[in-house]
1. Given the options Pro207, Pro211, Pro230, name the one that is more than 25 Å from Thr50 (Cβ to Cβ) and out of contact with any Lys or Arg (no Cβ under 8 Å at 6 or more places or on another chain).
2. Suppose we filter segment 216-232 for residues that are within 19 Å of the chain's Cα centre (by Cα) and in a loop (DSSP other than H, G, I, E, B); how many remain?
3. Out of Thr88, Thr35, report the one residue that is surrounded by 13 or more Cβ atoms within 10 Å (Cβ to Cβ) and either of a type in the set (Val, Ile, Thr) or more than 20 Å from Gly175 (Cβ to Cβ) (or both).
4. Take residues that are modelled with pLDDT of 95 or more and under 17 Å from Phe143 (Cβ atoms) and tell me which of the helices (runs of 4 or more DSSP H) falling wholly in segment 1-110 contain 3 or more.
5. Identify all residues within segment 155-183 that are more than 15 Å from Gly110 (Cα to Cα) and charged (D, E, K, R); write none if there are none.
6. Might you let me know whether segment 201-215 holds any residue that is free of Cβ contacts under 8 Å to residues at least 40 places away in the same chain, hydrophobic (A, V, I, L, M, F, W, C) and outside any loop (DSSP other than H, G, I, E, B)?
7. Determine whether segment 247-260 contains at least one residue that is buried (at least 21 other Cβ atoms within 10 Å of the Cβ) and in a loop (DSSP other than H, G, I, E, B).
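The values are calculated or read from the model by the stated rules, or taken from the named source; none is laboratory data. Quick caveat, the model's predicted, so the values are computed rather than measured. Methodologically, a virtual Cβ is constructed for each residue, glycine included, from the backbone with ideal geometry; neighbour enumeration extends over all protein chains shown.
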Amino acid sequence: MIRKISDIFKEKEKTLGFEFFPPKTSKGLLKLYETALLLKDLQPDYCSVTYGAGGSTKDKTMEVVDELQKRFGLPVMHHLTCNCHTITEIKQMLNSMQKRNICNVLALYGDLPQDESICAENKREMQYCYELCKILKSYRDYFCVAVAGFPCGHISSPDRDTDIEYLKIKLESGGDFVITQLFFDNAVYFDYLERLKKVNIHVRVIPGILPIVNYEKMIKFCADCGVIVPKKVHEIFKPIVDDEEATKKAGIDFAVQQCRELLDGGACGLHFFTLNKVDPTREIIRQLREDK
């Protein structure tokens, strides 16, 4: 029986999670399962699989989640967005998840596809993520529901305080815990926790970690999603932008230091955005465990 991640929290103060995305090709799929097998040796508590904009990977996401659970017996969290889906379609997917023993879900509003005409008006019944949380919790607590948190503030929110109010609504509507968007300044994460406490949010808030392997791609991605890149990151990575090996080493060193500070400061675990690669995630965890 696959466990709910919320039940694992009852036994462990800190958890380790790996995030994957569903590949587009059969070759990529085989490579993903090889990667997952190698990372399983690091004894993660759970994995998760992303969901394409507008539901573009709907079938593939469920296939990968199902296969990872069957192969490795680990809880695998199915990302699920509510945009571009009718309520009936959402319930059909949740029924399919139940049949496949998928009980962990990351509830998201999600990105719209680049061509918004693909997402017809009649498939925009839900306007907010909290509506998806309510549907998930209507399944007699079958699902453990994670929601996204944004230490830098969501790019669509007018300010960080408003963004936290939105988070509180998601949690009150059925969210069990939070996984954050990436960040590179730990002070931003710890400040986020303090601001959550002030509005009586006391659930687990797991920091999302993106090891830097390509400076230019990271800068573009952060600009697209509203993540603030601190000066120290530019100072480290800009001078070596054309040196792949130096960037990889610096990325590992930076992530190890970031994770050490987070864990020493009381963070309740780590959630790695692996980009479907074994390293640098494996090397980062190896170095972290040498500290013990």
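1. On the way: Pro207 fails: more than 25 Å from Thr50 (Cβ to Cβ); Pro211 fails: more than 25 Å from Thr50 (Cβ to Cβ).
None of the other options fit; the residue is Pro230.
2. Our first condition is that a residue be within 19 Å of the chain's Cα centre (by Cα); within segment 216-232, this holds for 217-229.
Among the residues that remain, those that are also in a loop (DSSP other than H, G, I, E, B) are: 226-229.
Residues flagged as within 19 Å of the chain's Cα centre (by Cα) and in a loop (DSSP other than H, G, I, E, B) within segment 216-232 amount to 4.
3. Working: Thr88 fails: surrounded by 13 or more Cβ atoms within 10 Å (Cβ to Cβ).
The match here is Thr35.
4. Details: elements: 5-9, 26-40, 58-72, 87-99.
The helices (runs of 4 or more DSSP H) meeting that bar are 5-9, 58-72, 87-99.
5. First pass over segment 155-183, keeping only residues more than 15 Å from Gly110 (Cα to Cα): 158-165, 168-169, 171-178, 182-183.
Asp159, Arg160, Asp161, Asp163, Glu165, Lys168, Glu172, Asp176 - these are the residues of segment 155-183 that are more than 15 Å from Gly110 (Cα to Cα) and charged (D, E, K, R).
6. We begin by selecting, within segment 201-215, every residue free of Cβ contacts under 8 Å to residues at least 40 places away in the same chain; these are 201-203, 214-215.
Filter once more, so that each one left must be hydrophobic (A, V, I, L, M, F, W, C): 201, 203.
Next, only the ones that are outside any loop (DSSP other than H, G, I, E, B) stay: none.
So far as segment 201-215 goes, no, none of its residues is free of Cβ contacts under 8 Å to residues at least 40 places away in the same chain, hydrophobic (A, V, I, L, M, F, W, C) and outside any loop (DSSP other than H, G, I, E, B).
7. No: segment 247-260 contains no residue that is buried (at least 21 other Cβ atoms within 10 Å of the Cβ) and in a loop (DSSP other than H, G, I, E, B).
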